[in-house]
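For reference, the structure is listed below as structure tokens.
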Amino acid sequence: MLGKRQSLDALADENWDLVVIGGGITGAGVLLEAARRGLRVLLLEQTDFAWGTSSRSSKMVHGGLRYIAQGDIRLTRHSLLERERLIDELPGLVERATYLFPLRKGVFPGRWPMKAILWLYDFLAGIRDHRYLSREQLLERVPGLNRQSLTGAMSYTDALTDDCRLVVRAILEAARHGGVAQNYCRVEQAMADGDKFAITVTDRTSGQTATLSSRRVVSATGAWADRFSGSDPRVRPLRGSHLFVDPERLPVKDCLTVMHPDDGRPVFVFPWEGVTCVGTTDLDHPQDMDIEAAASGQEVDYLLRLINSQFPDVKLDRKDIYATIAGVRPVIASGKGLDPSKERRDHAVWGENGIVTVSGGKLTTFRLIALDALLATGLIDSATHRRGQKSREPGFTPISDAPAAVDAFLHADQGDPDFIQWILDHEDVVHLDDLMLRRTRLGLLLPQAGKAKLDALQQQIQQSLGWDDERWQEERARYLDIHQRYYGVPASPLQQATA
Ligand SMILES: Cc1cc2nc3c(=O)[nH]c(=O)nc-3n(C[C@H](O)[C@H](O)[C@H](O)COP(=O)(O)OP(=O)(O)OC[C@H]3O[C@@H](n4cnc5c(N)ncnc54)[C@H](O)[C@@H]3O)c2cc1C
């Protein structure tokens, strides 16, 4: 349970109804929906909660305009209704935000096609939030925007979140219903054993290995899904990277969708937790999935080119970037060799050898994805699944004994000692990088990996986690090394070639 790490022996003593492999948003959703229905459910995450793709998204809780463009009205409607539900239930963690889509002469889509799409988008969500902005109104909101052929913009709303905190919040909610989640526990193998599964697990904090028993297993391992599924590979890993930029150098008030000058791909530039975020890229990721994904020098160049063509006076360069982040999207491959950006993004559930695999999809629809996975395990029937899909019952209840920042994270002072203390006491921080990169995002939001803040927090962290000076130095060095390798700002390949 969060805040009370258990030994593998204790976990092996239980007869679990369900073991969920993977502690991203999909696994957290399955844990929550199963625990809510009274099942004995355990989630095991090989690294830290949300360490995978679920800490590396574009942070958008959205219906997905691309689904409408692809003609998938049903999926768009489901996503939009889930978006509205999350905005209602998690104020301060999922918040409505204004999105601007600048329009340029001769560039598709123009004003009227966009207006028609947004009318349908709002209609499906049951809101009316879109409008046209004239060129002058747009430039008032975004003064530095390239004015060439600019005619105006369409303004509409979607939502923003902190993806890691959404995962942790779902796990905290599940814990209140009796769900158990343990980080740094890697599932090595899951084998059918009569009418149960034998699941071999290594606790990476102690090195201890044990075999657990469960009636059902769901693999919610995202981009790692092909390892457990036992069927032909289905996941096409696609990497997407973002930059976290000094907000004084690139100030934005709204989420802008701008087109990349090289390939016409839409890229977001948006305000997030006090910095400006730019992304994403979208390319195949053939690298070893055991190594943490990192942005390449080419991706940083690509995103800088976007900014400097859209904001010609800013002249952004590498020293303005606080950090980068790269995630691997578990896209269910069409097998048609499509351009990465053209692959569909919805989820799939499939089963082989009794293990149910669920992969693909989005943050926004995690509740519906979880219900689909539970239906496939046979632990809920189709009537319960249907009722769950349509349910208007709240999925989240406020955490009354926590500092306000836990529920209203988007407005939190992330370095606030009371908030940090609650995290240290309740959220299973095992390593310093868990605290700096995921429970808080201080390592992404501050220059130089937030070293100054780290020093200010040293005593509190050491005392709370019982770390002596030697352990502190090890953890500090480990965090700074991880930051430099996977969250740093890689040099341009052009500079490297001439060095
Ligand atoms: C660049 C980018 C931008 C995106 N933007 C958005 C967006 O704005 N909005 C949106 O809704 N969606 C977005 N997505 C998609 C969304 O982030 C993913 O669909 C979602 O996070 C996937 O969650 P998951 O839980 O399935 O996978 P993950 O979060 O990757 O979780 C899988 C977990 O399984 C664990 N695991 C693997 N093997 C084992 C094992 N053997 N034992 C135990 N644990 C294991 C991994 O460590 C990992 O933490 C984006 C994705 C990317 C890459």
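Please treat every number below as a calculation from the coordinates, not as lab data. These numbers come from a predicted model, not from an experiment. Cβ coordinates were reconstructed from backbone atoms using ideal geometry, including for glycine residues, and neighbour counts include every protein chain displayed.
Only helical DSSP H runs with n ≥ 4 go in: add -39500 (n - 2.57) per run for the chain, normalise by residue count and round the 222 nm mean residue ellipticity to 500 deg cm²/dmol.
-10000 deg cm²/dmol
Which aspartates and glutamates have a Cα less than 13 Å from the Cα of K253, not counting those fewer than 8 places away in the same chain?
Counting by Cα, and skipping residues close in sequence, K253 has these aspartates and glutamates nearby: E140, E273.
Let me know the shape class of region 1-157, please: from the alpha-carbon gyration tensor, a ≥ b ≥ c as square roots of the eigenvalues, rounded when a/c is under 1.5, otherwise prolate if a/b is greater than b/c, or oblate.
prolate
Assign one of three labels to region 321-441, namely rounded, prolate or oblate, based on the Cα gyration tensor with a ≥ b ≥ c the square roots of its eigenvalues; rounded applies when a/c is under 1.5, prolate when it is not and a/b is larger than b/c, and oblate otherwise.
Judged from the Cα gyration tensor, region 321-441 comes out oblate (a/c at least 1.5, b/c at or above a/b).
Can you bin region 426-476 into rounded, prolate or oblate? Criterion: square roots of the alpha carbon gyration tensor eigenvalues sorted a ≥ b ≥ c, rounded for a/c under 1.5, prolate for a/b above b/c, oblate for the rest.
Judged from the Cα gyration tensor, region 426-476 comes out oblate (a/c at least 1.5, b/c at or above a/b).
Along region 75-86, what does the Karplus equation 6.51 cos²θ - 1.76 cosθ + 1.60 (θ = phi - 60°) give for ³J(HN,Hα), rounded to whole Hz, x for Gly and Pro?
4, 4, 5, 4, 5, 5, 5, 5, 4, 4, 4, 5
What do you get for the angle between helix 111-125 and the principal long axis of the chain? Use alpha-carbon atoms, 0 to 90 degrees, nearest ten.
The angle comes out near 30 degrees.
If only Cα atoms are counted, what is the Rg of the chain, and what is its Dmax, in Å?
Rg and Dmax of the chain, Cα atoms, are 22.4, 70 Å.
Sort 354-365, 289-300, 426-437 by packing, meaning the average of other beta carbons within 10 Å per residue, with the highest value first.
Ranking the peptides 354-365, 289-300, 426-437 by packing returns 354-365, 426-437, 289-300.
Sequence-distant or interchain residues sharing an amide H contact under 5 Å with W272, placed H: which?
Distant-sequence amide H within range of W272: C277.
Could you give the spread of the C-alpha atoms of region 44-86 along their three principal axes, from largest to smallest, in whole angstroms?
Taking max minus min along each principal axis of the Cα atoms, region 44-86 gives 37, 22, 17 Å.
Which residue, chosen from H411, P398, Q448, occupies the Cα position most advanced towards the positive end of the dipole of region 394-461, where the dipole is computed from +1 (Lys, Arg) and -1 (Asp, Glu) charges on Cβ about the Cα centre?
Final value for the positive-end residue is Q448.
Among all the aspartates and glutamates, which ones have a C-alpha under 13 Å from K319's C-alpha, if same-chain residues fewer than 8 places away are not counted?
Within the straight-line limit of under 13 Å, K319 reaches these aspartates and glutamates: D246, E248, D301.
Provide Rg and Dmax in Å for region 242-332, with only Cα atoms included in the calculation.
Cα-based Rg and Dmax for region 242-332 come out at 13.2, 41 Å.
Using Cα centres only, tell me the gap between region 291-311 and region 73-107 in whole Å.
25
Which aspartates and glutamates have a Cα lying under 14 Å from the Cα of K4, excluding residues fewer than 8 positions away in the same chain?
Candidates past the 8-residue exclusion: D425, E427, D428.
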